[in-house]
Amino acid sequence: MSDLEICRMSAAEMAKAIRTRELSPVEIMDAVLSRIERLNPKVNAYCTLVAESAREQAREAETMVMTGKKLGRLHGVPVSIKDLSFTKDIRTTFGSKMYEGFVPDEDAVVVERLKAAGAIVVGKTNTPEFGFMGVTDSLLFGPTRNPWNLDYNSGGSSGGAAAAVASGMGSLAIGSDGGGSIRIPSSFCGVFGFKPSFGRVPLGPGTPGSASAVSTSCVGPITRTVRDAALAMEIIAGRDDRDRLSLPETRLRYLPSLGTDLKGLRIAWSADLGYAVVDPRVLETTAAAVKAFGTLGCTLEAASPDAENPGRIFGTGWGVSYAARMQDRLEEWREQMHPGLVRLIEQGKNVLATEYATAIAGREDYWNEIRPFFEKYDLLLTPTVAVPPLEVGQFAVTEIAGVKGLPAMDWIPFTYPFNMTGQPAASVPCGWTDDGLPIGLQIVGRRFDDATVLRAAAAFEQAAPWADRWPPLD
């Protein structure tokens, strides 16, 4: 089997090939690392690579196979970790010059669980400084480019993770999502991204929002196939008391729910949530893709929740959260921070306590507006992002479909609302623009119903496959 064929295998296929001795962990690791070494200078998906450590662990994994040792479900499979989560003995910078040389002495919970399943960490993937924006670019490492067109950004803030998976530099990546940071880059890079229910995957050291009662952040997988994401979720999900907000369920199973039809489900399609301005290319592509659901046995209707745009509420909380963490270091590091992050911190510092309390109450009000909709519908379909991928150097969008002066959050109107409510949501590749840029479709589930989101994503994947389409990098 060639290196290219190995790199195009799913994580589940790699794990099976290792268990059956069709391939060794060393062969797989060498193929993946060779591809990273060749493509990463173009794409800039990885900001830290631990090739020698990964190769040594692959040799140890091979010895375990050959001596008949018990193997974990991801034994010998290479994985990447977004550079916001702690990785023991591997540099973790948060994309910031403040932490350029920081090396944690412990793993985040998600990393600990992946290692226990036999996975091998090959490196850390690029992210904007502290994951503050929806494109991946930082003063420390520069931009992560979109594998489909290197003149475009990969999205953010898990842009390095999505770009790595899209270009075959590892089939399983871990990202995080506080306002769309898994789904945005998955849409831009043409891969599958899953944001679990809030608390489903425990947060831990180095994970944004951990130990915060008002957090919107989740950790989840970015993969090429839904099955790989479901497999990863079975490994990383479940209670851990180091995160007091983690959900109580353990030993969760998502793979059995993956089927080819959606009989009995009632699904809504909303092109704009009732208020969003959307690029015509996105509307055309997502509307066409939604038709596939009509062949899967569900009831499909056009409908939008009766709720106002919660952008102002979310933006207030977002700014305050960064100000709370960083205002004491702002003056010392201002000149070495991204100007957009500096503005966000300064805005957050000026929010009154009463304004913040109003925003927290507004989040609860928004849930009460959304909740009746999900009592009627099992799932909601929307575009993932209101626009196609942004060019490198572009950090926001203020004009869509001829509408000018849009607020800063209005190019990602479909993602952050479901961080506010804590609901599970996924982005599935659903098409490409005429110039070859990916477009994503979002699937949102009822509160805590991660399994149905994965089931629907897998059914759509069967009806409109995407995993065999690769960027023109080879």
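The values are calculated or read from the model by the stated rules, or taken from the named source; none is laboratory data. Just so it is clear, the model here is predicted, and its values are computed rather than measured. Glycine gets a Cβ as well: all are built from the backbone with ideal geometry, and neighbour counts include every protein chain shown.
Looking at the range 387-415, which of its residues are under 15 Å from Pro185 (Cβ atoms) and either buried (at least 19 other Cβ atoms within 10 Å of the Cβ) or touching a Lys or Arg at 6+ places or on another chain (Cβ under 8 Å) (or both)? Once the filter is applied, which keeps residues that are under 15 Å from Pro185 (Cβ atoms) and either buried (at least 19 other Cβ atoms within 10 Å of the Cβ) or touching a Lys or Arg at 6+ places or on another chain (Cβ under 8 Å) (or both), the range 387-415 yields Val387, Pro388, Pro389, Leu390, Val392, Trp411, Ile412, Phe414, Thr415. Only residues that are of a type in the set (A, V, I, L, M, F, W, C) and part of a loop (DSSP other than H, G, I, E, B) were counted in the range 86-105, giving 4. Among the residues of the range 178-202, those that are under 8 Å from the mean Cα position of the chain (by Cα) and under 11 Å from Pro221 (Cβ atoms) comprise Ile182, Ser186, Gly193, Phe194, Lys195. Being part of a helix (DSSP H, G or I) and touching a strand residue (DSSP E or B) at 6+ places or on another chain (Cβ under 8 Å) is the filter here; which residues of the range 400-419 pass it? Scanning the range 400-419 gives Asp410, Trp411, Phe418, Asn419. Of all residues in the range 146-169, at least one satisfies being surrounded by fewer than 24 Cβ atoms within 10 Å (Cβ to Cβ), in contact with a helix residue (DSSP H, G or I) (Cβ under 8 Å, 6 or more places away or on another chain) and of a type in the set (A, V, I, L, M).
Do we have Arg55 as part of a loop (DSSP other than H, G, I, E, B), surrounded by 13 or more Cβ atoms within 10 Å (Cβ to Cβ) and either among the polar types (S, T, N, Q) or touching an Asp or Glu at 6+ places or on another chain (Cβ under 8 Å) (or both) here? It is false that Arg55 is part of a loop (DSSP other than H, G, I, E, B), surrounded by 13 or more Cβ atoms within 10 Å (Cβ to Cβ) and either among the polar types (S, T, N, Q) or touching an Asp or Glu at 6+ places or on another chain (Cβ under 8 Å) (or both). With the structure loaded, tell me whether Gly340 is surrounded by 16 or more Cβ atoms within 10 Å (Cβ to Cβ) and closer than 21 Å to Pro417 by Cβ or whether it fails that test. No: the conditions fail for Gly340. Go through the range 270-285 and give me each residue that's of a type in the set (A, V, I, L, M, F, W, C) and part of a loop (DSSP other than H, G, I, E, B). Correct list: Ala271, Leu273, Ala276, Val277, Val278.
Could you say whether any residue in the range 260-277 is under 26 Å from Glu308 (Cα atoms) and aromatic (Phe, Trp, Tyr)? Taking every residue of the range 260-277 in turn, at least one turns out to be under 26 Å from Glu308 (Cα atoms) and aromatic (Phe, Trp, Tyr). Would you please name the residue that is nearest to the chain's Cα centre (by Cα), looking only at residues in the range 226-270 that are over 16 Å from Thr452 (Cα atoms) and among the β-branched types (Val, Ile, Thr)? That would be Ile236.
Taking the range 189-204 as the range and being closer than 24 Å to Ala164 by Cα and among the charged types (D, E, K, R) as the test, only Lys195 passes. Only one of the listed residues (Lys70, Lys42) is of a type outside the set (A, V, I, L, M) and not in a loop (DSSP other than H, G, I, E, B). That residue is Lys42. Just one of the listed residues (Gly68, Gly76) is modelled with pLDDT of 95 or more and surrounded by fewer than 23 Cβ atoms within 10 Å (Cβ to Cβ), namely Gly68. Does Arg242 count as in a loop (DSSP other than H, G, I, E, B), at negative phi, buried (at least 21 other Cβ atoms within 10 Å of the Cβ) and out of contact with any strand residue (DSSP E or B) (no Cβ under 6 Å at 6 or more places or on another chain)? Against the criterion (in a loop (DSSP other than H, G, I, E, B), at negative phi, buried (at least 21 other Cβ atoms within 10 Å of the Cβ) and out of contact with any strand residue (DSSP E or B) (no Cβ under 6 Å at 6 or more places or on another chain)), Arg242 does not qualify. In the range 420-474, the qualifying residues are those that are of a type in the set (D, E, K, R) and not in a loop (DSSP other than H, G, I, E, B), and the one that is nearest to the chain's Cα centre (by Cα) is Asp450. Which of the residues spanning the range 228-259 are touching a Pro at 6+ places or on another chain (Cβ under 6 Å) and among the aliphatic types (A, V, I, L, M)? Correct list: Ala229, Ala232.
For Arg325, the conditions (1) under 28 Å from Gly402 (Cα atoms); (2) under 25 Å from the mean Cα position of the chain (by Cα); (3) not aromatic (Phe, Trp, Tyr) are fulfilled apart from (1).
Kindly indicate the residue of the range 14-39 that is over 22 Å from Ala51 (Cα atoms) and in a helix (DSSP H, G or I) and also nearest to the chain's Cα centre (by Cα) among those meeting that condition. Looking at the filtered set, the residue picked out is Lys16.
Between Ser53, Ser34, Ser10, Ser85, the distinction of being under 21 Å from Gly160 (Cβ atoms), out of contact with any helix residue (DSSP H, G or I) (no Cβ under 8 Å at 6 or more places or on another chain) and either in contact (Cβ under 8 Å) with a residue 24 or more places away in the chain or not charged (D, E, K, R) (or both) belongs to Ser53 only. Given the structure, is Tyr366 without any contact (Cβ under 8 Å) to a residue 60 or more places away in the chain, touching a Pro at 6+ places or on another chain (Cβ under 6 Å) and more than 30 Å from Lys263 (Cβ to Cβ)? In short, yes. On the stretch given as the range 106-119, residues that are farther than 21 Å from Ile36 by Cβ and either in a strand (DSSP E or B) or more than 20 Å from the chain's Cα centre (by Cα) (or both) total 3.
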